[in-house]
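Q: First, the structure itself, so that you have it in front of you.
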Amino acid sequence: MTAARKEMACQACLSPLNTLGTPPTYVHPIQLATDGHEPVPVPVSRLDTVRRSCDFCGDPHPTWTLLGGEIAAVAIGTDGEMVRDFGNAWAACATCQTHIDDGRNDKVIDRAVQALSLGNHPQAREHIEQLHLAFLNARIPGRTLITTTAWPATAITARELPKVRDRLARFYRGSDDLPAALAVTDARQQIAAGLDRSRLYWIDGDFTDLAEYAAGTLPDVTINRDLIPSTDGLLVWSRPVTRRQITAASWTATSGGWHLVTYRTIGGGLNGKPLQRLREHVGWLAPMNTAQLHDQHPLPGDHPAAALLATWLLIAQQAAEVMTADVDKAVRRTYVRTNRPAPQVRIVRIRAKSNTTSPGPRSTPGEAGHPQTSRFWVSGHWRNQPYGPGRRLRRLVYIDAFLRGPDDAPIQLSTTVRMLGSRKPKPEVYE
């Protein structure tokens with residue numbers, strides 16, 4: 001029996017690739033507009049983001065993978081017979097999925113005809129209908145959430161975080177599948193239980209900036225229990241961070257360490273019934289990457305969870321101060337009705353500093369032994385700080401950007417540095 005062929009995508013443009021012949025040659029889809037680059041094939045399982053589209057209507061934000069009949073179309077022309085294989089796994093956007101769930105396959109076909117501007121071509125509509133119904137009439141029950149879609153960012157506020165957490169836990173306990181590449185199938189119930197008891201952290205804008213900036217130069221990190229701020233947790237940044245555009249992360253205690261998951265937001269740009277269904281069935285967050293960590297686990301600085309590691313390190317070195325946020329009234333009432341203790345959300349922000357100037361005169365680089373006559377910016381950086389008995393142990397500490405030199409000296413303007421503020425968040429008004 002021939003093994004199933006791995007799905008491949010182009011690492012350069014993140015588009016799924018078609019195959020020709022045996023052994024396969026990977027090519028961009030004919031309808032895809034590219035800059036002419038050659039395909040750079042990599043397994044889809046290695047990518048956080050893949051530029052798929054809905055196989056029914058072409059929507060750029062597919063949500064579910066459906067399994068149905070094995071569909072192929074045969075075209076006969078002057079050059080002979082050409083067969084196009086559509087496969088038995090189709091991607092569906094949230095709107096098409098809503099119509100399918102409601103038994104309105106005609107609306108799915110309407111969307112495809114409208115997207116292709118074929119309203120004035122009855123024969124074209126008939127062919128599309130035959131193709132779609134051949135798949136849908138042989139559809140296998142169940143669906144798999146597509147976690148690689150690059151949705152527009154959705155803002156999650158601190159007061160919404162308990163509701164976001166509860167919906168995510170419910171999804172893990174539900175029957176909708178997750179891609180096998182995420183390797184969470186056997187851990188879903190455990191992650192859901194961890195979310196139920198998790199501490200909730202919302203990272204304010206300034207601290208998000210600092211964490212993202214620090215993550216860009218993060219060295220290799222060794223995970224230990226003192227680094228992680230709580231046994232189980234869900235942490236949400238005020239906006240997506242790093243080039244991977246992750247918005248949230250959860251960690252769940254296991255017998256051998258922690259199960260770590262990073263997330264992106266989903267549903268941005270949707271409205272009406274499709275958005276309502278997505279929020280009910282999935283929520284606000286979709287898993288992107290997972291990792292099983294243990295105590296003293298070494299992680300490279302470019303790990304997908306680099307922003308979370310940087311945030312943990314900054315909290316551990318007491319660069320943060322924490323305040324408690326109010327939560328949505330409806331959420332509080334729900335917790336009371338279900339005899340659950342009121343949820344707490346911790347807002348994490350940069351601890352205010354008295355000044356950013358380093359104490360005392362120092363020599364400028366290359367001028368050792370000479371009094372310093374100007375001030376210059378030292379960019380933020382990580383340092384292995386000694387601590388413990390005899391200062392023999394080391395821990396990563398982030399040194400924020402600061403001015404080095406005498407307080408009354410002029411500032412050199414030749415150095416550019418990213419400034420990170422420590423303003424206090426404006427108080428929110430709750431009804």
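Q: Among the residues of region 265-285, write down those that are of a type outside the set (Asp, Glu) and over 13 Å from HIS61 (Cα atoms).
A: Answer for region 265-285, where residues must be of a type outside the set (Asp, Glu) and over 13 Å from HIS61 (Cα atoms): ASN271, GLY272, LYS273, GLN276, ARG277, ARG279, HIS281, VAL282, GLY283, TRP284, LEU285.
Q: Yes or no: region 309-319 includes at least one residue that is assigned by TED's automatic domain parsing to the domain that holds ASN224, modelled with pLDDT under 85 and among the polar types (S, T, N, Q).
A: yes
Q: Name the residues in region 302-347 that are under 19 Å from ILE228 (Cβ atoms) and out of contact with any strand residue (DSSP E or B) (no Cβ under 7 Å at 6 or more places or on another chain), would you?
A: Hits for region 302-347 are HIS303, ALA306, ALA310, TRP312, ALA316, GLN318.
Q: Right, next: Are any residues in region 96-108 part of a helix (DSSP H, G or I) and either over 9 Å from CYS57 (Cβ atoms) or more than 32 Å from the chain's Cα centre (by Cα) (or both), and if so, which ones?
A: Result: GLN97, THR98, HIS99, ILE100, ASP101, ASN105, ASP106, LYS107.
Q: Of the residues ASP166, ASP177, which is assigned by TED's automatic domain parsing to the domain that holds VAL236 and touching an Asp or Glu at 6+ places or on another chain (Cβ under 9 Å)?
A: ASP166
Q: Can I ask one more? State whether one or more residues within region 220-235 are at pLDDT 90 or above and over 20 Å from HIS294 (Cα atoms).
A: For region 220-235, residues at pLDDT 90 or above and over 20 Å from HIS294 (Cα atoms): absent.
Q: Moving on to the next point. Select from region 60-106 the residues that are farther than 19 Å from ALA134 by Cβ, modelled with pLDDT of 50 or more and among the small types (Gly, Ala, Ser) and list them in ascending order.
A: Correct list: ALA94 only.
Q: Are there any pairs with C-beta distances below 6 angstrom linking a residue in region 227-238 that is within 11 Å of LEU308 (Cα to Cα) and in the same structural domain as ALA193 (by TED's automatic domain parsing) to a residue that is assigned to a strand (DSSP E or B) and of a type in the set (A, V, I, L, M, F, W, C), with the two at least 6 apart or on different chains, and if so which?
A: These pairs meet every condition: LEU234/LEU200; LEU235/ALA249; VAL236/TRP202; VAL236/ALA248; TRP237/ILE203.
Q: Given the criterion at pLDDT 70 or above, assigned by TED's automatic domain parsing to the domain that holds ARG167 and assigned to a loop (DSSP other than H, G, I, E, B), identify the matching residue among VAL322, VAL331, VAL327.
A: Just a single option satisfies the conditions, and that option is VAL327.
Q: Filter region 9-33 for residues that are at pLDDT below 80, assigned to a loop (DSSP other than H, G, I, E, B) and among the polar types (S, T, N, Q); which is nearest to THR262 (Cα to Cα)?
A: Here the answer is GLN31.
Q: Return the residues of region 151-179 that are assigned to a helix (DSSP H, G or I) and within 17 Å of the chain's Cα centre (by Cα); say none if nothing qualifies.
A: LEU161, VAL164, ARG165, ARG167, LEU168, ALA169, PHE171, TYR172
Q: State whether the residues of region 185-194 include one that is in a loop (DSSP other than H, G, I, E, B), of a type in the set (S, T, N, Q) and farther than 20 Å from THR338 by Cβ.
A: no
Q: Out of the residues in region 176-192 that are modelled with pLDDT of 95 or more and touching a Lys or Arg at 6+ places or on another chain (Cβ under 9 Å), state the one that is surrounded by the fewest Cβ atoms within 10 Å (Cβ to Cβ).
A: The extreme case among them is GLN189.
Q: Go through region 34-45 and give me each residue that's surrounded by 17 or more Cβ atoms within 10 Å (Cβ to Cβ) and in a loop (DSSP other than H, G, I, E, B).
A: PRO39
The values are calculated or read from the model by the stated rules, or taken from the named source; none is laboratory data. Computed from a predicted structure; not experimentally measured. Methodologically, a virtual Cβ is constructed for each residue, glycine included, from the backbone with ideal geometry; neighbour enumeration extends over all protein chains shown.
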